[in-house]
Amino acid sequence: MKVLIVEDEVLVAEDLAADLEKMGFIVVGIAISGEECITAFEKNQPDVVLMDIQIKGDLNGIEVAKILKLKATTPIIYLTSNTDSSTMKQAIESGPQSFISKPYNRKDLKAAIEIAIINHNQKELENAAKDQPLQAVVFVKNGEFYKRLELNEILYIEAAGSYSTVFTEKKEYTLSANLHRFESKIENSNFIRIHRSYIVNISKIQGFNNHSVVVNNKELPISSSHHDHVFKLFQKL
């Protein structure tokens, strides 16, 4: 996962970069001003931005974050040592995914990124129901780290408690949303519930019979409670 750091204190930025790299993230740049941030953002297309609120230049971090949000849905995490009520109110209104107070520690840094990813996924799933469902991007867990994944790469999703296991053609990942939440957010997309434990991407179905569908050469059951709804959709294909 690519991270862009926006921080005008050089030592803090270097410490952040070192800690992030130890966690397995790729630091694609360090910007000290809003202008540098926008240029680096457009050039490197990071997956997460760590944004200091007070930075050099004509724009503060909050103003820069608003500009970035017009360009992409990239998660933004604010770094701040200024917690006065006015600043925090403006920061919250700009819709960041998370906050880190300075001085930070590595545990808080990792937690903030994970919270940002979960919040981002929830927002992307909400947007998917309104706009173009198969263009949304979510972050899925790949070992200890996270990977950027487009919804149209997903073959099917299997229930895994409060999380879900996402299957693609080559690999499986963990998604920070259970099946119920995923289904409720993209119920008008190509993803359909066929069983209490499975949601499938209908465009990836290779074949079916009266009791199951085949996706990526794997047979998945259709439960009796979903049978009629599923087969009505098949008839429209």
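Here is how the numbers come out for the structure above:
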item: Test result for I113, surrounded by 20 or more Cβ atoms within 10 Å (Cβ to Cβ) and either part of a helix (DSSP H, G or I) or at pLDDT below 85 (or both); result: yes
item: Residues satisfying the stated conditions in region 175-229, i.e. hydroxyl-bearing (S, T, Y) and not in a helix (DSSP H, G or I); result: S176, S189, S197, Y198, S212, S223
item: So N152, is it at positive phi and not basic (K, R); result: no
item: Check on I192, of a type outside the set (F, W, Y), touching a Phe, Trp or Tyr at 6+ places or on another chain (Cβ under 6 Å), touching a residue at least 40 places away in the same chain (Cβ under 8 Å) and over 14 Å from V140 (Cα atoms); result: no
item: Candidates V28, V10, V64, V6, filtered to the one that is out of contact with any Asp or Glu (no Cβ under 8 Å at 6 or more places or on another chain) and either within 26 Å of E93 (Cα to Cα) or of a type in the set (F, W, Y) (or both); result: V64
item: Residue in region 214-234 that is aromatic (F, W, Y) and more than 19 Å from the chain's Cα centre (by Cα) present; result: yes
item: Helices (runs of 4 or more DSSP H) wholly inside region 1-108 containing at least 3 residues that are under 19 Å from N119 (Cβ atoms) and free of Cβ contacts under 8 Å to residues at least 12 places away in the same chain; result: 85-93
item: Residue in region 118-160 that is modelled with the lowest pLDDT, counting only those that are outside any helix (DSSP H, G or I) and small (G, A, S); result: A136
item: Evaluation of V200 against (1) surrounded by fewer than 17 Cβ atoms within 10 Å (Cβ to Cβ); (2) under 29 Å from I118 (Cβ atoms) (one fails), failing number; result: (1)
item: Any chance L155 is aliphatic (A, V, I, L, M), under 13 Å from N121 (Cβ atoms) and in contact (Cβ under 8 Å) with a residue 24 or more places away in the chain; result: no
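The values are calculated or read from the model by the stated rules, or taken from the named source; none is laboratory data. Please read all numbers here as calculations on a predicted model, not as lab measurements. Quick reminder, even Gly has a Cβ in these numbers, built from the backbone with ideal geometry, and neighbours come from all protein chains shown.
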